[in-house]
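Some notes on the structure that comes next.
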Amino acid sequence: MSVLSAISIRIIVGAMTALAVVLSASAAVRPFPPGFHTEKIQTDGASIYVRVGGQGPAVVMLHGFGDTGDMWAPLAAALAKDHTIIVPDLRGMGLSSYPDTGYDKKTQAHDIARVMDALNVQKADLVTHDIGNMVGYALAAQFPGRITRWVIIDAPLPGIGPWDEILKSPLLWHFNFRGPDVDRLVKGRERIYLDRFWNELSADPKAIDEATRRHYAKIYARPGAMHAAFNQFAAFSQDATDNKAFAGKGKLTIPILALGAEKSFGAQQAEIMREVGTNVEAGIIANSGHWVMEEQPDATVKAVREFLEKK
């Protein structure tokens, strides 16, 4: 073998090794730890897909749009040693069912309460993101004795605080993207639609890697999935009415950590939560846009864990 051939082979092998490392690092949608199981739990009008594992005091984790409960795998891995982790997909999202109705967050909060009942969990800490925040507030407001501590991450609450001003942001055009033709417009183009949010709402679009994008785009391309997702946003007007009624009955007294992404809601997250809570701690996930578990998973896990361990 010539010296040139040997050098060429070494270059090719080195390139392949480097590529393998890059591809491995980009596989950001991690599996849940060994010992976790999944099950379907029937609620009033929906079948909720749930991941359960670990041991100890319960923690319920709620995702939002553009993700599923899969987003929480790194946090579940960090907490499962001393917590029972409960990670549902919300009604109409992920691998849960896609019913025609029930997308107001008041109803979805009952879904989560039913999940807790089915798992014999009376009380739990709560960790939420995006639309999960809205379900989380409806859960804590309706079942105040069942939520012991709450980490809420980077999204507003309909009808609360500066909601009317937030609605004017051009980045949130999708809140009102609905009508008779939206399903046909997006069908077969789910990846294009979702890329818009991953790109525009992140601090660095490269942080949401190709493996992650393919994973979630495939799920949102399931029959009925995007229609159900649009219904989540269509319910915001009802959610605003419900949230104002909840707030009118008094503020939450549980400890709340309001985490805003530095390049997204930032310090405003805590300002919003002080409208509905008396014991609110502020936190910032630095160098992150909205997608904190994809962009800054280690920092997010650290902040959540430290707060939950303050008990």
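Here, each number is a calculation from the coordinates, and none is a lab measurement. None of the values given here were measured: they were computed from a predicted structure. For neighbour counting, all protein chains shown are included, and Cβ atoms are generated from backbone atoms with ideal geometry for every residue, glycine included.
Remark: H174, H110, H63 ranked as H174, H110, H63, counting other beta-carbon atoms within 10 Å and listing the fewest first. Scan the chain and note any complete DSSP helix (H) whose C-alpha atoms cover at least 27 Å along its axis and whose Kyte-Doolittle average is 0.0 or more. Once both thresholds are applied, what remains is 3-26.
Across segment 190-311, the relative contact order, built from alpha-carbon pairs under 8 Å that are at least six residues apart, equals 26 percent. Restricting to bridges with both residues inside segment 31-308, how much of the DSSP beta-bridge set is antiparallel, in percent to the nearest 5? Given both bridge residues lie in segment 31-308, the antiparallel proportion sits at roughly 30 percent.
GNM on the chain, alpha-carbon springs under 10 angstrom: the most fluctuating residue among L257, L75, L119 is L119.
Once the Cβ-Cβ distance between E306 and A118 is put in as r, and R0 is 30 Å, what FRET efficiency do you end up with, to the nearest 0.05? All intermediate terms of the calculation are to be shown ahead of the outcome.
Numbers: r = 30 Å, r/R0 = 1.01.
After rounding, the FRET efficiency stands at 0.50.
Between I192, I160, I285, the residue with the greatest mean-square fluctuation in the GNM of the chain (Cα pairs under 10 Å linked by springs) is I192. Please state the relative contact order of the chain as a whole percent: Cα pairs under 8 Å, 6+ residues apart? That works out to 18 percent. Going from the fewest other Cβ atoms within 10 Å to the most, the residues L79, L171, L194 appear in the order L171, L194, L79.
Listing W291, W198, W163, W173 from fewest to most neighbouring C-beta atoms within 10 Å gives W173, W163, W198, W291. Ranked by the mean number of other Cβ atoms within 10 Å of their residues, highest first, the peptides 217-230, 143-156 fall in the order 143-156, 217-230. Roughly how many Å is it from the Cα centre of segment 237-307 to that of segment 190-211, as a whole number? Here the two parts' Cα centres lie 22 Å apart.
For each pair in K206/K263; K105/K187; K81/K105; K106/K302; K40/K244; K106/K263, compute the distance between the two Cα atoms and list the pairs where it is over 22 Å. Checking Cα-Cα distances, K105/K187; K81/K105; K106/K302; K40/K244; K106/K263 exceed 22 Å. Taking amide H atoms as placed 1.01 Å from N in the peptide plane, the amide H of L62 lies under 5 Å from those of V127, T128, H129, each 5 or more residues away in sequence or on another chain. Ellipticity at 222 nm from helices only: DSSP H runs of n ≥ 4 in the chain, each -39500 (n - 2.57), divided by the residue count, give -12500 deg cm²/dmol. Across the chain, Cα-Cα pairs farther apart than 36 Å form 16% of the total.
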